[in-house]
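Written below as structure tokens is the structure these notes are about.
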Amino acid sequence: MHSFPYLTFLFILSLQQNAMCIIANITVDDSSESPAIVYSPASNWHAGSKGSSCSECNAHPNSSDIRTWHESTFTPNGNGKDDSNTPLFANLTFTGSAVYVFCALAESSVSPNGNSDMAFYIDGQLNGTFVKPAQGINNTYEYQSLVYSIDSLVPGKHTLSLQNGYTNSNESLVILDYIVFSYVLVYSGTYIFSTGYQR
């Protein structure tokens, strides 16, 4: 949704006499270059944008609420455009203490099949799932939907992995919009120390 990462200051907490803790957010667009989301297999993720004609895309959202997106469709039976029965991944390495994933969700049951079946891993460990059957409403999308969040990570470097689909399971569509992660800046009079984000 956003063309480049930007800082959003959420709130400021007083730590001690002359120290403040600033919790900041970095928004990583689906097509951001730094930091970048890594898609795997890359050929099975398709970049779309509002008003464009993406011949490889299954979903075609059209709203001012989404400008760009990356989509993938997991197909267990070989009838889809992409490799069949192979889960698809979107990975982001970040330094912080919290992370949030936002997607668009298709409500249609055909063209595209909007069924969503995702798993989320932090540093290789399963940490959450998101399952939402399509409601069967054609040409309808839910935008900026929070599909995963965790705000209790130990501050430091982490890798988030979004998995689309499970082997021998149901068809699943992911329309990834953006990811937000949080990190902490500590201000002590003269200096600002980062416990998180680094370019």
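The values are calculated or read from the model by the stated rules, or taken from the named source; none is laboratory data. All figures in this text were calculated on a predicted structure; none of them were measured in a lab. All Cβ positions, even for glycine, are placed from backbone atoms using ideal geometry, and neighbour counts span all protein chains on display.
Descriptive notes on the structure:
- Put simply, of Gly51, Gly128, Gly124 the only residue that is out of contact with any Lys or Arg (no Cβ under 8 Å at 6 or more places or on another chain) and at pLDDT below 95 is Gly51.
- Search result, residues across segment 144-186 that are over 18 Å from the mean Cα position of the chain (by Cα), closer than 24 Å to Ser34 by Cβ and among the small types (Gly, Ala, Ser): Gly156
- When Val101, Val110, Val147, Val38 are checked against the criterion of being at pLDDT 95 or above and surrounded by fewer than 16 Cβ atoms within 10 Å (Cβ to Cβ), Val38 stands alone in meeting it.
- Across segment 33-78, the number of residues qualifying as among the polar types (S, T, N, Q) and under 20 Å from Ala90 (Cα atoms) comes to 10.
- Single condition Gln125 does not satisfy, out of (1) without any contact (Cβ under 8 Å) to a residue 12 or more places away in the chain; (2) within 20 Å of Ala47 (Cβ to Cβ): (2)
- Failed condition for Thr159, given (1) in contact with a Cys (Cβ under 7 Å, 6 or more places away or on another chain); (2) surrounded by fewer than 18 Cβ atoms within 10 Å (Cβ to Cβ): (1)
- Failed criterion for Gly136 (all others in (1) part of a strand (DSSP E or B); (2) surrounded by fewer than 17 Cβ atoms within 10 Å (Cβ to Cβ) hold): (1)
- Odd one out for Tyr141, checked against (1) touching a Phe, Trp or Tyr at 6+ places or on another chain (Cβ under 8 Å); (2) at pLDDT below 95; (3) of a type outside the set (Lys, Arg): (1)
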